[in-house]
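Q: Submitted below is the structure of interest, expressed as structure tokens.
What follows is calculated from the coordinates using simple rules that are stated; it is not laboratory data. Since we're looking at a predicted model, the values are computed, not measured. Heads up, the Cβs are rebuilt from the backbone with ideal geometry, glycines too, and the neighbour counts pull from every protein chain shown.
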Amino acid sequence: YEQISVLHRLMRPQRPKQHWHYYYNCFAHSAVCRLICTFLFPFRFHSWSLHVLMLPTTGEDPDLSKIHHSFDVWHKTSRLTKALMKGASTARTRCIREWIPSIRNHFWHSVTSCNGDLGVMKDTWEGILFYLADVHSWIGGHCIHTDLSEREDAGKTSIQRGSYALRLLSDLLLDRTFLASMKYYTKARETTQVELFFSLLNGYCPKRLAYRWDAFKARCIAAALDHNVHLGRPVRVRGDGTTMYHRKWSARSKRWYVSHIFEKKQHKHVPVVLACLLRYYLQETDGIARGTINDIHHPKHISATIATSNPPPTADIAREQISRSSQKASS
């Protein structure tokens, strides 16, 4: 058996038939190829994750009980930031605002330093309340400061113990639902690279345009080749050897940040792909204009429409549908 990580992106959750078909095909393929599915990233769709675990299975179906569902950490920190911003909107809780970046960074620290241990993750996370109240040692734990955290928190006013702001933070950070969802983040999974790939895919397959199934597959393959060939591009440097950055302004966080500037893409794989296509069509005997045969994974074999039920005859729909203009004419 080979252990792999399965990544699934639910781009259009309003199409349940197609997605459950993709889920089943993925797990069935894993069982046939003797692969062990360990991780699944449903991208914030917790209800989909729980529904997969409760799917009825038979002896021939893949075992879904051994799947460990992991969610993207960035989406969790984003929701946490929104909840803290909402809680710090009053005059009594305004002191929380300057601590929001530190709380968000501490959640990242709790996730990445627990080594998959849920208990360690929760203990580390609960220590942020002591740190905000300027308590650095308590029964059962103590703060672990770094030079970076000390520089970031220099000059900030600690939150008074017993204050309304600290009680509100305790309710938000130690919420029962929030702590129960921490088991999905013990593996510290991120989807940054996947988001970058889908951003590249949007250049090859814009969402505002519709493609035939074979054209869509070809464009996806072209996007995958572009992504894989240019993985690990070096960062652009100046003549003196210093790294080049590009500054950007974040409207949400109200601060500047920088990102690396990479070397330009060379697209060295394009001549090879064109040569392979030319060789294939030179050896083809049926001609380019021959009809295409749809495989079993074609969307029309999954569901003809995006509706959750079978459509009635068009004549019945037209007979039952009454428009305002027809009502005025009859009256």
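Q: Once label points are set 7 Å from the Cα along Cα→Cβ at both L278 and S199, what is their separation, rounded to one decimal in nm?
A: 3.5 nm
Q: Give, in nm to one decimal, the length gained when the segment between A83 and A251 is fully stretched (0.36 nm per residue of separation minus the Cα-Cα distance).
A: Between A83 and A251, full extension yields an extra 58.7 nm.
Q: Step through the table entries K86/K156; K76/K122; K76/K217; K76/K254; K86/K254; K248/K268, compare each Cα-Cα distance with 22 Å, and write down the pairs that go over it. Can you show the working numbers first?
A: On the way: K86/K156 20 Å; K76/K122 15 Å; K76/K217 32 Å; K76/K254 20 Å; K86/K254 16 Å; K248/K268 30 Å.
Checking Cα-Cα distances, K76/K217; K248/K268 exceed 22 Å.
Q: Separate question: By per-residue mean of other Cβ atoms within 10 Å, what is the highest-first order of 92-101, 259-268?
A: Order by mean packing, descending: 92-101, 259-268.
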